[in-house]
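Notes for the one structure printed next.
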Amino acid sequence: MPRLPQLPAVAAVTAAVALLAAAPPPGGEQTVSRARVVAHFDITRGQTPENIALEPDGSADLTFSAARQVAHVTKQGHTRVLATLPAEPNPRTPLVGDDIVLGIARAHDGTLYVTYATGTDKTGVWRVTPGGTPRQIAQLPPNGLPNAIGLDERRGVLYVADSVLGTVWRVPQRGGTPTAWATGDALRPLPASEGGFGVGANGLKVHDGDVWVSNTDRKTLLRVPVRRDGSAGTAETRATGLAGIDDFAFTGRGDTVLAALIFSDEVALVRPDGTHTVVLTRDDGLSNPTSVAVRHRTVYVPSGAFFTLRDPNLLLAHLGDRHAE
């Protein structure tokens, strides 16, 4: 999530709400431990990590939102820039103003898909091939904010969460005309009169054939079923009270999720019944965490430092079981 001017004042309140909402952990559930920051980034160069995709060798591809870059980071923290998206001379991105790169997804052949928000006709989905030049494959509305992106290679489609328009877009993987796949109040931001700050659908993952979406304003985690014909079913609320939820990842155990809570510098373990427990905090090195990835027993958490303005980084931790720790 990019920096928004009105958010720092909200952070203290939302952090308190998140702590009150957290439930005590039952025995035998998954744990997160051995947290360590493996890479520190330079905020003065726009190296604010927003989203993450993993490579087969356990290295990570990150979007540096303010720098308009896609970067590769090894598990040892070595970083190199893979691509820089073309600058927009007159960006008019809603809520943000600047041109920013947000979501990222990886295909099995190494192709990366990223979302780019500019407030102009450059807004949309861009393809980054290994060693190639970034190329726009789909335009999305310039008055929106395309955020997280998920790939379903079986169906050959990409899903994009639009935080401003409260829409999940569906885009052919090969590129082409997007479709407003899922809409409705559950995906929309809250109005300012109800305490919203304009960010609805934010994080997104394709999981067991369905699309899961977080809504930051509404503090919810949603599941949107994919029907046989590919259309969207009715959004189901799977968890509430997740103040500041950004993007998230599944742990590999059913519908258990690790969610980044950007305002309070925390990661929460969200159980299938909707209850949650905080498992990582700023004491572990988090600085406005934006997303999560999981590979086997390793948890990856990029921190964008959008509000702290201090130490954007990539943190790794160990995913275990309480009875085995």
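The values are calculated or read from the model by the stated rules, or taken from the named source; none is laboratory data. Quick caveat, the model's predicted, so the values are computed rather than measured. Positions of Cβ are backbone-derived with ideal geometry, glycine not excepted, and every protein chain shown enters the neighbour counts.
Tell me, please, whether a residue that is more than 25 Å from G77 (Cβ to Cβ), in contact (Cβ under 8 Å) with a residue 60 or more places away in the chain and either part of a strand (DSSP E or B) or among the basic types (K, R) (or both) can be found in the stretch 285-299. No, the stretch 285-299 has no match at all.
Please verify whether L222 is closer than 23 Å to E194 by Cβ, free of Cβ contacts under 8 Å to residues at least 40 places away in the same chain and out of contact with any Pro (no Cβ under 9 Å at 6 or more places or on another chain), treating the condition exactly as stated. Criteria met by L222. Residue count for the stretch 30-78 satisfying the condition of being polar (S, T, N, Q), within 18 Å of T129 (Cα to Cα) and not in a loop (DSSP other than H, G, I, E, B): 3. Taken over the stretch 220-245, the criterion of being surrounded by fewer than 21 Cβ atoms within 10 Å (Cβ to Cβ) and either among the hydroxyl-bearing types (S, T, Y) or within 14 Å of the chain's Cα centre (by Cα) (or both) is satisfied by S231, T234, T237, T240.
Against the definition (in a strand (DSSP E or B), farther than 26 Å from H78 by Cβ and not hydroxyl-bearing (S, T, Y)), how does G320 come out, yes or no? Judged against the criteria, G320 is a match. Cβ-Cβ contacts under 7 Å between residues 6 or more apart (or on different chains), taken from a first residue in the stretch 31-53 that is under 13 Å from Q69 (Cα atoms) to a second residue that is crowded, with 19+ Cβ neighbours inside 10 Å and among the aromatic types (F, W, Y), are listed as G46/F64; Q47/F41; Q47/F64; T48/F64; T48/F306; P49/F41; P49/F64; I52/Y300. Scanning the stretch 87-112 for residues that are more than 18 Å from A67 (Cβ to Cβ) and not β-branched (V, I, T) yields N90, R92, P94, L95, A105, R106, A107, H108, D109, G110. When the stretch 141-170 is limited to residues that are in a loop (DSSP other than H, G, I, E, B) and touching a Leu at 6+ places or on another chain (Cβ under 9 Å), the one that is surrounded by the fewest Cβ atoms within 10 Å (Cβ to Cβ) turns out to be N143. Answer with yes or no whether G252 is surrounded by fewer than 19 Cβ atoms within 10 Å (Cβ to Cβ) and either modelled with pLDDT of 95 or more or under 17 Å from the mean Cα position of the chain (by Cα) (or both). Here the answer is no, as G252 does not meet what is asked.
Looking at the stretch 171-179, can you tell me whether even one residue there is crowded, with 23+ Cβ neighbours inside 10 Å, touching a strand residue (DSSP E or B) at 6+ places or on another chain (Cβ under 8 Å), part of a strand (DSSP E or B) and in contact (Cβ under 8 Å) with a residue 60 or more places away in the chain? Among the residues of the stretch 171-179, not one is crowded, with 23+ Cβ neighbours inside 10 Å, touching a strand residue (DSSP E or B) at 6+ places or on another chain (Cβ under 8 Å), part of a strand (DSSP E or B) and in contact (Cβ under 8 Å) with a residue 60 or more places away in the chain, which makes the answer no. Among (1) surrounded by fewer than 22 Cβ atoms within 10 Å (Cβ to Cβ); (2) within 18 Å of the chain's Cα centre (by Cα); (3) assigned to a loop (DSSP other than H, G, I, E, B); (4) modelled with pLDDT of 95 or more, which single condition is P272 missing? The failed condition is (2).
All of (1) closer than 21 Å to L102 by Cβ; (2) assigned to a loop (DSSP other than H, G, I, E, B) hold for A260 with one exception: (2). A count restricted to the stretch 32-58 and to residues that are polar (S, T, N, Q) and either modelled with pLDDT under 95 or more than 17 Å from T308 (Cβ to Cβ) (or both) stands at 2.
Can you find even one residue in the stretch 181-201 that is within 12 Å of the chain's Cα centre (by Cα) and of a type outside the set (S, T, N, Q)? Looking through the stretch 181-201, at least one residue is within 12 Å of the chain's Cα centre (by Cα) and of a type outside the set (S, T, N, Q).
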